Amino acid sequence: MPVTIRSLWGAYALGAAAFPVALGAFALPVLAETTLTIATVNNGDMIRMQKLTDDFTSKHPDIKLQWVTLEENVLRQRVTTDIATKGGQYDVVTIGNYEVPIWAKQNWLLALDGMPADYDAADLLPAVRSALSVGDKLYAVPFYGESAMVMYRKDLAQKAGVSIPESPTWAQILDAAKAMTDKSGEVYGICLRGKAGWGENMAFLTAMANSYGAAWFGQDWKPQFDGPEWKAALGDYVGAMKDYGPPGASTNGFNENLALFQQGKCGMWIDATVAASFVTDPKESKVADQVGYARFPHKDGVENTGNWLWSWNLAVPASSKKSDAAKAFVAWATSKGYTELVAAKEGWRAAPPGTRTSLYENPEYQEAAPFAALTLQSIDAVTPDHPSVKDTPYTGGQFVAIPEFQAIGTAVGQQFSAAVAGQAKVDQALQSAQQLTTREMTRAGYIK
């Protein structure tokens, strides 16, 4: 079913009535033969979790797990529809820090009270914990957290005679992309998200636009796509994808670009910091020993490196009839013990990143993960209360923290993806984004 602005906002509206919240303690017994249906994204860390759940079921023999694993755009659509309409299809959902505070305020999620004594919620990174809390209560727990960074081929950079500093400008990145491109050898200077979606190409493009000094909305909630900052950002993005990117870039998301980088076909990839453990995995990546890292780029004269802050989190819908079992599972999957389990099975490099202070204080992790320090620096530097250098009426980072953004962001993403595919000019895409966003924000009552 296609994502439309009206259909998704309608789903939110249907669920506006508060649901009764059942707060069960984790220590309570669960019923025999309880089956939990868990909706999750098809990212590498989540796939790994599924393979390790024997550890959970051996400790909870009366709980069985049923997985629904989906591409992230599909996951978002199905989970949003189910939870907003009180469908009750899922007992555990994988959602982002965008949804958590919005859905918690609608009473669509259970507060995660009564976590086990050894869970140590105080150990969660402050930026991530704050993003998942309403008041002083957690409404989801982070499976992994991320900011964004540049991952690049040190060997290709050296061959091309370019250097990438720790905090590069966009001009330096574009020059390096040009120098590293060898299309006859199927090596592309830069790989970026092109697949349409508020959490796909628009996550990257919103961060990029922030770093150019742009904003989604002015203080009067009027869209800003007709401004020079958005034109510069989108123009450089489309130009880089056209001149230095891989074929079919308009359909590439996180997983597609990850595969290209691991195969040695990308000189640079700018994306989530969580990718670092996968591009340095010698079992999966042909270039594992040649990866360098840098901070998300900034524009000359603009003090903003994107403000990307994301976490994939596990939450329990208020509509679940199996909340005690569901809470037991989310506590296991996001615990210190799970991190140690991954380290024992896969090595410390593979530990879920971006969630716990103790991980970044662990010398074994620091030694195994050369990207650890930069990941933590990037997360700590995020200022979601001030996503742009301009004053804005919204918070967020690489998204706008209002319910309407899920639909509007996807619709705008479709316009910008069409520009990458050559189906529209940059000016046309920006004009369409301005018009459709103005229309929907007026309908929703933001613009008077």
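The values are calculated or read from the model by the stated rules, or taken from the named source; none is laboratory data. Note that the coordinates shown come from a computational prediction; the quantities given were computed from them, not determined experimentally. Positions of Cβ are generated from backbone atoms using ideal geometry, with glycine treated the same way; all protein chains shown enter the neighbour counts.
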Item to check | In the stretch 49-77, the residues that are under 20 Å from V100 (Cα atoms), surrounded by 18 or more Cβ atoms within 10 Å (Cβ to Cβ) and of a type outside the set (A, V, I, L, M) | outcome: E72, N73, R76, Q77
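Looking at the stretch 208-216, is at least one residue in contact with a Gly (Cβ under 6 Å, 6 or more places away or on another chain) and either crowded, with 24+ Cβ neighbours inside 10 Å or outside the structural domain of G397 (by TED's automatic domain parsing) (or both)? Break it down into steps so the answer makes sense when it comes.
Just the residues of the stretch 208-216 that are in contact with a Gly (Cβ under 6 Å, 6 or more places away or on another chain), to begin with: 210-211.
When the remaining residues are screened for being either crowded, with 24+ Cβ neighbours inside 10 Å or outside the structural domain of G397 (by TED's automatic domain parsing) (or both), the result is 210-211.
Looking through the stretch 208-216, at least one residue is in contact with a Gly (Cβ under 6 Å, 6 or more places away or on another chain) and either crowded, with 24+ Cβ neighbours inside 10 Å or outside the structural domain of G397 (by TED's automatic domain parsing) (or both).
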Next on the checklist: Condition check: within 21 Å of M208 (Cα to Cα) and part of a loop (DSSP other than H, G, I, E, B). Does T375 satisfy that?
Outcome noted: no
Next on the checklist: Please count how many residues of the stretch 192-221 are in contact with a strand residue (DSSP E or B) (Cβ under 6 Å, 6 or more places away or on another chain) and among the hydroxyl-bearing types (S, T, Y).
Outcome noted: 1
Checklist entry - Of all residues in the stretch 143-178, which are under 30 Å from V316 (Cα atoms) and either in a helix (DSSP H, G or I) or out of contact with any strand residue (DSSP E or B) (no Cβ under 7 Å at 6 or more places or on another chain) (or both)? => result S147
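Quick grid of which residues meet (1) touching a residue at least 24 places away in the same chain (Cβ under 8 Å); (2) part of a helix (DSSP H, G or I); (3) buried (at least 18 other Cβ atoms within 10 Å of the Cβ):
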site: P393; (1), (2), (3): yes, no, no
site: Q398; (1), (2), (3): yes, no, yes
site: A418; (1), (2), (3): yes, yes, no
site: A424; (1), (2), (3): no, no, yes
site: L430; (1), (2), (3): yes, yes, yes
site: A433; (1), (2), (3): yes, yes, yes
site: T438; (1), (2), (3): yes, yes, no
Checklist entry - Quick one: is I408 crowded, with 19+ Cβ neighbours inside 10 Å and part of a loop (DSSP other than H, G, I, E, B)? => result no
Checklist outcome for this item: Flagged in the stretch 23-46 as modelled with pLDDT of 50 or more and either exposed (fewer than 12 other Cβ atoms within 10 Å of the Cβ) or of a type in the set (S, T, N, Q) (or both), in numbering order, are A32, E33, T34, T35, T37, T40, N42, N43
Next on the checklist: Given (1) outside any helix (DSSP H, G or I); (2) in contact with a Gly (Cβ under 8 Å, 6 or more places away or on another chain); (3) hydrophobic (A, V, I, L, M, F, W, C), identify the lone condition not met by F225.
Outcome noted: (2)
Checklist entry - Between a first residue in the stretch 37-59 that is farther than 15 Å from T334 by Cα and a second residue that is outside any loop (DSSP other than H, G, I, E, B) and acidic (D, E), which pairs have beta carbons less than 9 Å apart while being 6 or more apart in sequence or on different chains? => result A39/D82; V41/E72; N42/E72; N43/E72
Checklist outcome for this item: Across the stretch 179-191, the tally of residues that are touching a strand residue (DSSP E or B) at 6+ places or on another chain (Cβ under 6 Å) and outside any strand (DSSP E or B) stands at 2
Checklist entry - Does S358 satisfy the criteria of being assigned to a loop (DSSP other than H, G, I, E, B) and either of a type in the set (S, T, Y) or buried (at least 21 other Cβ atoms within 10 Å of the Cβ) (or both)? => result no
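Here's the yes/no breakdown for (1) touching a Lys or Arg at 6+ places or on another chain (Cβ under 7 Å); (2) outside any helix (DSSP H, G or I); (3) of a type outside the set (F, W, Y); (4) modelled with pLDDT under 95:
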site	(1), (2), (3), (4)
T206	no, no, yes, no
A209	no, no, yes, no
A214	no, yes, yes, no
D220	no, yes, yes, no
A232	no, no, yes, no
Y237	no, no, no, no
A240	no, no, yes, no
Checklist outcome for this item: Exactly one of A331, A350 is surrounded by fewer than 23 Cβ atoms within 10 Å (Cβ to Cβ), more than 30 Å from G88 (Cα to Cα) and among the aliphatic types (A, V, I, L, M), and that one is A350
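Give, as residue ranges, the helices (runs of 4 or more DSSP H) completely inside the stretch 253-349 that count at least 1 residues that are under 25 Å from A104 (Cβ atoms).
Where helices (runs of 4 or more DSSP H) fall fully within the stretch 253-349 and carry at least 1 residues being under 25 Å from A104 (Cβ atoms), they are 323-333, 336-346.
Conditions tested, residue by residue: (1) over 23 Å from the mean Cα position of the chain (by Cα); (2) not aromatic (F, W, Y).
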residue: W348; (1), (2): no, no
residue: E361; (1), (2): yes, yes
residue: L376; (1), (2): no, yes
residue: I379; (1), (2): no, yes
residue: P384; (1), (2): no, yes
residue: A424; (1), (2): yes, yes
residue: Q435; (1), (2): yes, yes
residue: T442; (1), (2): yes, yes
